[in-house]
Amino acid sequence: MKEILDEVLNRIVPSKEEEQKLMEIIKEIEDKINEKIPSDAICMLVGSVAKGTYLRHSLDIDFFVLFPAKYKKDEMANITISIGKEILDEWTVQFAEHPYIRGFYKGYQVDIVPCYKVRDAKEKISAVDRTPFHTEYIIKNLKEEMKNEVRLLKQFLKGIGCYGAEAKIEGFSGYLAELLILKYETFLNVLKESQKWRGKVIISLNGIDKEFEEDFVFVDPVDPSRNVAAALSKEKLKFFIFAAGEFMKNPKITFFFPNKPPSLDEKTLRKKLENFIGICFKKPNIVDDILYPQLKKAAASLENLLKQNDFKVVKKAWYANDEAFVALQLEEKNLPEIKVHIGPPLHEKRHVEAFLKRWKNNEMAVGEPFVKDGRMMVKIKRKYVNASNLIKDCLAEINLGKNLNEIKNEMKICNGEYLIKFKDYWDEYFCEKYPWER
C-alpha cells in the first residue's frame, strides 16, 4: 500500500521548479488584472492552485474579481471579459450564472470570473460568491501534511471516474475532497469511513443548523444552509464506496491511473450500435453544467415518446464535444403494423359499451372488436412502426430543455451507423470491466 501511494504522489505532486514557475505566472496575471480592474474591486486567486491541493498535470488557474454590490451583473461581466480579452490567448466567453472568460496564458488555462464582494457567504448574491470563502477556509484550516492526502483522494476519484461536481459527471467536487480530508485527516481514513456510509449520512465540521433532503450531506462550514455534496449522484457515491472497499482489499496503482478501455473494432461496434437511434447536433455555446441536464432531459423525453408508441427502450446515452448526441437503444427499431389493443373485462358493462362505441367501424381498427380471456380486444393499426419516423415527426412537440428546444431545426435523426464516429465514448460506454481492472 505504502509503495503504491508513494508512487502516486511521485506522479501527481508538482516539483519545486514547476511550483516556482507556476507562482511566477500567477503573479504576472494578477499584476495585469490589478492594473485594469476598478479601484473598488479586488482580484483574488481561488481554487486548488490557491489552496496548494492541485494535481501536477491537472491545474487550472482561477482568478475571481470581487465587485461591490453596487455593480450590476452585466457590468461586472463586461469589465471582467474585456480584461480577459486583453490578457489571455485563445479566449472564449463561458456562460454560467453570469458570463466569465476562459483562455490561456503562456500555456496555462486561466478562468477570470466576476463575483460580488460580500461580508459572509450567507449574504451571497450569486452562487459563485461563496467561492472566495471556500478558498479562505481551506487555506486557514488545511494543514500542510494534509495537502498530499487531498491529492491522493482527488487522483483516486479521477481514476474511478467520480471526480468533478459538474453535471456531466455528478461526482465529488475538489472542495468536497478537501473537506473530507479535513474531517478524517488521511486518504485511507476517508476510504475506511466510507464503508460506514449507509442510509442517511450527515457529515459536519461545525454542527448542523437545518434539515437536508439529500441522503448524503457534508454541511458547508462557510454556509451551513448548503450541502457541499448536493451535486453528487447516488450512483457515483455508491461506486466510490465500492471502489474504496476494493482498493483496501487489493490495492493497485490502476485505481489512480486506469488503463484505457479496450478499443472496439468497427464490426463489433457497428453490431452493438445496431439498435440505437437518436438526435445529433452541433453543441450549443453553453457550459456543460447547463447543457448536460438538458441532454439528460432530452433522453427522458425521447424515451417517453418512444414508450408511448410501444417501442421498448433498453439503454440511454448522451454526450457532447464539438458535436452532441442523445441516443437510445431499442429492442426493435421497427414494429409490426398491427397490434392487439386490450380493452375492459366483460363484467364492466359501461366500459365495454364505450370500447365498442369507440372501435366499431374505427378506421384504425382491423376487423371488429372481439372477446378473448374474458376481455374485449381489437386489432388496430399502429400510427408509427418505425422509430426514426416517429422522432422525426414528433421532435417539434417534445421538450428537450430550453437551449436544445431553440435549435431543434438544426438537429438530425441519427442511427448507429452515424454514431460510430463517437468511438472513444462508446469504448468507455461498452467496457464491462471496472476502470482498475482493465
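The values are calculated or read from the model by the stated rules, or taken from the named source; none is laboratory data. Just so we're clear, the structure is a prediction, and the values are computed from it rather than from any experiment. Methodologically, a virtual Cβ is constructed for each residue, glycine included, from the backbone with ideal geometry; neighbour enumeration extends over all protein chains shown. For the accessible areas, the whole protein counts, side chains as well, though only heavy atoms, and no ligand, DNA or RNA atoms are used. Shrake-Rupley method; radii C 1.70, N 1.55, O 1.52, S 1.80 Å.
Odds and ends about this structure:
- Backbone N atoms of segment 331-355 closer than 14 Å to the 7 Å Cα→Cβ label point of ARG375 belong to residues 340-348, 352.
- Cβ screening of the chain for cysteine pairs under 4.7 Å finds these without a partner: CYS43, CYS115, CYS162, CYS394, CYS431.
- Shape call, segment 233-272: gyration tensor on alpha carbons, a/c limit 1.5: oblate
- Per residue, the chain exposes 53 Å² of solvent-accessible protein surface, assessed with a 1.4 angstrom probe and all protein chains in place.
- Against the chain, whose longest principal axis is taken from its Cα atoms, helix 147-159 shows a tilt of about 20°.
- Inter-site label distance for ASN309 and HIS57 at 7 Å from Cα along Cβ, in nm: 4.6
- As a calculated quantity, the FRET efficiency between HIS351 and ASN78 at R0 = 60 Å, using C-beta atoms, amounts to about 0.40.
- Using just its DSSP H runs of length 4 or more, each adding -39500 (n - 2.57), the chain gives a mean residue ellipticity at 222 nm of -12000 deg cm²/dmol after division by all residues.
- Under the Karplus curve 6.51 cos²θ - 1.76 cosθ + 1.60, θ = phi - 60°, whole-Hz ³J(HN,Hα) for segment 252-267, x wherever Gly or Pro sits: 9, 5, 5, 5, 8, 10, x, 6, 5, x, x, 7, 7, 6, 4, 5
- Amide H within-cut-off set for GLY52, under 5 Å, with H built and near neighbours excluded: none
- With a cut-off of 11 Å between beta carbons, the residues surrounding HIS98 carry a summed charge of -2, where Lys and Arg count +1 and Asp and Glu -1.
- FRET efficiency, 1/(1 + (r/R0)^6) with R0 25 Å, evaluated for GLN20 and VAL93 via beta carbons: 0.20
- Cα centroid separation - segment 169-188 against segment 198-244, whole Å: 11
- Distant-in-sequence amide contacts of ASP310, defined by a placed amide H-H separation under 5 Å and a gap of 5 or more residues or a different chain, comprise nothing.
- For the options ASP215, ASP62, ASP265, a Gaussian network treatment of the chain with springs between C-alpha atoms closer than 10 Å singles out ASP265 as fluctuating the most.
- Extension gain for GLU3 to GLU235 (0.36 nm times residue separation, less C-alpha to C-alpha distance): 80.5 nm.
- In this structure, the pairs whose alpha-carbon distance is over 20 Å, taken from LYS70/LYS122; LYS249/LYS433; LYS238/LYS307; LYS282/LYS392; LYS2/LYS252, are LYS238/LYS307.
- Sum of side-chain charges, TYR108 neighbourhood, beta-carbon under 14 Å (Lys, Arg +1; Asp, Glu -1): -4
- Across segment 149-282, Cα pairs under 8 Å and at least six residues apart give a relative contact order of 26 percent.
- Computed 3J(HN,Hα) for segment 9-15, one whole-Hz value per residue from the Karplus formula 6.51 cos²θ - 1.76 cosθ + 1.60 where θ = phi - 60°, is 4, 4, 8, 10, 7, x, 6, glycine and proline marked x.
- Residue among ALA69, ALA298, ALA177 with the largest mean-square fluctuation in a Gaussian network model of the chain, springs linking Cα atoms under 10 Å: ALA69
- Segment 87-153 shape via C-alpha gyration tensor axes, a/c threshold 1.5: oblate
- Candidate aspartates and glutamates for bridging to LYS27, where Cα separation is under 16 Å - those fewer than 8 sequence places away on the same chain excluded: GLU17, GLU18, GLU19, GLU35, ASP60, ASP62, ASP111
- In sequence order, segment 274-287 has phi-based couplings of 3, 9, 8, 8, x, 10, 10, 6, 5, 4, x, 7, 9, 6 Hz under the Karplus curve 6.51 cos²θ - 1.76 cosθ + 1.60, θ = phi - 60°, and Gly or Pro positions carry x.
- Classified by the C-alpha gyration tensor, segment 254-331 has an oblate form. Its axis ratio a/c, with a ≥ b ≥ c, is 1.5 or above, and a/b does not exceed b/c.
- Contact order normalised by residue count of the chain, Cα under 8 Å, 6+ apart, percent: 13
- Heavy-atom accessible surface of segment 145-278: percent carbon and sulfur, 1.4 Å: 49
- The slack in the chain from ASN362 to ASP289, taken as 0.36 nm per residue of separation less the alpha-carbon distance, amounts to 21.4 nm.
- Spin-label pair SER388-ASP120: with each label point 7 Å from Cα along the Cα-Cβ axis, the two points sit 6.2 nm from one another.
- Across segment 262-403, the mean sequence separation of Cα contacts (distance under 8 Å, 6 or more residues apart), normalised by length, yields a relative contact order of 27 percent.
- DSSP bridge pairs, the chain: antiparallel proportion in percent, nearest 5: 80
- Under 12 Å, Cβ to Cβ, from SER263 - net charge with Lys/Arg +1 and Asp/Glu -1: -2
- Among ALA354, ALA365, ALA327, the largest mean-square fluctuation in a Gaussian network model of the chain (Cα springs under 10 Å) belongs to ALA354.
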